[in-house]
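A short write-up of the structure that comes next.
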């Protein structure tokens, strides 16, 4: 009953998460809208140290962690993530193949066939990798999509058995990770007494890397035995894994494989697209057990309504107040700082920063960041005086010990009342024009940049219209490690600034 009460509490808080700070097997750290009636969001984390018998802790807004329960034997969290790809060359058209059988372990005519039951202390998995596809993927394939999987399943003899078929990315040891990309619930009542091919059609397994292995996982979810799986024992079979501790560790079953079929499609470039990926938290599944009785385990899941993106850093400024006090991740460190310490409150009017070039005031992200991961910049701004560069912003990207790239962008108000946008590649001394867009309206302009450090490429959208993707050069290092915005040689106005650094799947 205590575990159930705590599970309900965690679900009630986590389902409304707006920002994810950390996801791990035994720790969840996230931000929700104001729950303490102080007018600001709240940061909450739940944590178990992983040692059987240890406490489950909860802290809010950095307070001393509260012990919610002692004698915790299990607290395991799995995350349902959605991977969303974006093409940084949308003027090109990648080509997707038709559905084909990409990998198969068929039932041989003569084989040592072994039925294995899924239990609470025996989860099963089958490792697959594109390197073993037959026929192989084309050498220039940029991704593949798993459309369907088939397994040989049968009843285990119970009526209340439930099994979860999950697709998870594999670790470097060819074992299932804790990330669940998609899953199906298998009720034992729907299975046949004899082994039959059961098929599962996937909807969201897109953009899979040709260099990444995955695992089909059969996770026990109820009953004594929840299903039976047909496998084979032969010297040339491989890939089946068992777990006796509910996924904490996995053991390779030498010379053994499930009988399965995997279908999918692959995508090739036309001719050379650049694709980046973001991950969003769709849902969470977790189990909690207090005490030694395995029947006391509570397993549940939830949908995360806001679908927050997984970010390693986020800097937001809306200028309805001084952004120097913004703290998106509630880590007690301001997300922004001014180069001279503060700004004149009179310059913040109706949610707009009225920036004067004569003040030489610059807004910088804080703390320092090397921007080595996929970075998205979204700005609403406009130039308000002709005769020079108005709103400008610059940032070093993909900084390492050998150098960095730099992005420099600006708007200029022309004498005819239109605006001109320019994007430069360069440092403070040498700037190379990448793109110039003229005849833009004189109002606030929505600027969006997506910077991919892996390919040293930046893509540009103005008012949601794609302007092109461009490669940028690298320079010798300097001390700048922040995004900065200012009015350059003439006055400008900024309505919002949003800089997000994406995080890969945990």
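The values are calculated or read from the model by the stated rules, or taken from the named source; none is laboratory data. The structure displayed is predicted, hence computed values, not measured ones. Neighbour counts run over all protein chains shown; Cβ positions are idealised from the backbone, glycine included.
Here is a list: 32, 77, 102, 72. Which entry is in contact with a strand residue (DSSP E or B) (Cβ under 7 Å, 6 or more places away or on another chain), farther than 22 Å from residue 289 by Cα and in contact (Cβ under 8 Å) with a residue 60 or more places away in the chain?
Going through 32, 77, 102, 72 in turn, the sole match is 102.
Hey, can you tell me all the residues within the stretch 471-487 that are within 21 Å of residue 323 (Cα to Cα) and crowded, with 20+ Cβ neighbours inside 10 Å?
Going through the stretch 471-487, the residues within 21 Å of residue 323 (Cα to Cα) turn out to be 480-487.
Selection gives 482, 483, 485, 486, 487.
Does the stretch 491-499 contain any residue that is touching a helix residue (DSSP H, G or I) at 6+ places or on another chain (Cβ under 7 Å) and either at pLDDT 95 or above or surrounded by fewer than 21 Cβ atoms within 10 Å (Cβ to Cβ) (or both)? Reasoning before the result, please.
First pass over the stretch 491-499, keeping only residues touching a helix residue (DSSP H, G or I) at 6+ places or on another chain (Cβ under 7 Å): 491.
Adding the requirement that they be either at pLDDT 95 or above or surrounded by fewer than 21 Cβ atoms within 10 Å (Cβ to Cβ) (or both) leaves 491.
Yes - at least one qualifying residue is present in the stretch 491-499.
Yes or no, residue by residue, for (1) outside any loop (DSSP other than H, G, I, E, B); (2) surrounded by fewer than 17 Cβ atoms within 10 Å (Cβ to Cβ):
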position: 218; (1), (2): yes, no
position: 221; (1), (2): yes, no
position: 227; (1), (2): yes, no
position: 247; (1), (2): no, no
position: 254; (1), (2): no, yes
position: 267; (1), (2): yes, no
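Which one is surrounded by the fewest Cβ atoms within 10 Å (Cβ to Cβ), of the residues in the stretch 41-65 that are touching a residue at least 60 places away in the same chain (Cβ under 8 Å) and over 20 Å from the mean Cα position of the chain (by Cα)? Before you say what the answer is, go through the steps one by one.
Looking only at the stretch 41-65, we keep the residues that are touching a residue at least 60 places away in the same chain (Cβ under 8 Å), and these are 41-43, 56, 61-62.
Okay, now just the ones that are also over 20 Å from the mean Cα position of the chain (by Cα), so 41-42, 56, 61-62.
On the way: 41: 19, 42: 17, 56: 24, 61: 15, 62: 11.
Out of the qualifying residues, it is 62.
Only one residue in 398, 370 is assigned to a loop (DSSP other than H, G, I, E, B), outside the structural domain of residue 22 (by TED's automatic domain parsing), touching a strand residue (DSSP E or B) at 6+ places or on another chain (Cβ under 9 Å) and closer than 22 Å to residue 426 by Cβ, so which one is that? Explain how you work it out, then say what you get.
Numbers: 398 fails: assigned to a loop (DSSP other than H, G, I, E, B).
From the options 398, 370, the qualifying one is 370.
Name the one entry in 134, 158, 174, 121 that is in the same structural domain as residue 224 (by TED's automatic domain parsing) and on the phi > 0 side of the Ramachandran plot. Give the steps one after another, and end with the answer.
Details: 134 fails: on the phi > 0 side of the Ramachandran plot; 158 fails: on the phi > 0 side of the Ramachandran plot; 121 fails: on the phi > 0 side of the Ramachandran plot.
Going through 134, 158, 174, 121 in turn, the sole match is 174.
Within the stretch 142-172, track down each residue that is in contact with a strand residue (DSSP E or B) (Cβ under 8 Å, 6 or more places away or on another chain), surrounded by fewer than 18 Cβ atoms within 10 Å (Cβ to Cβ) and in a loop (DSSP other than H, G, I, E, B).
Of everything in the stretch 142-172, those that are in contact with a strand residue (DSSP E or B) (Cβ under 8 Å, 6 or more places away or on another chain), surrounded by fewer than 18 Cβ atoms within 10 Å (Cβ to Cβ) and in a loop (DSSP other than H, G, I, E, B) turn out to be 157, 158, 160.
With the structure loaded, tell me whether residue 433 is over 20 Å from residue 496 (Cβ atoms), touching a strand residue (DSSP E or B) at 6+ places or on another chain (Cβ under 9 Å), surrounded by fewer than 19 Cβ atoms within 10 Å (Cβ to Cβ) and at pLDDT below 95 or whether it fails that test.
Values: over 20 Å from residue 496 (Cβ atoms): yes; touching a strand residue (DSSP E or B) at 6+ places or on another chain (Cβ under 9 Å): yes; surrounded by fewer than 19 Cβ atoms within 10 Å (Cβ to Cβ): yes; at pLDDT below 95: yes.
In short, yes.
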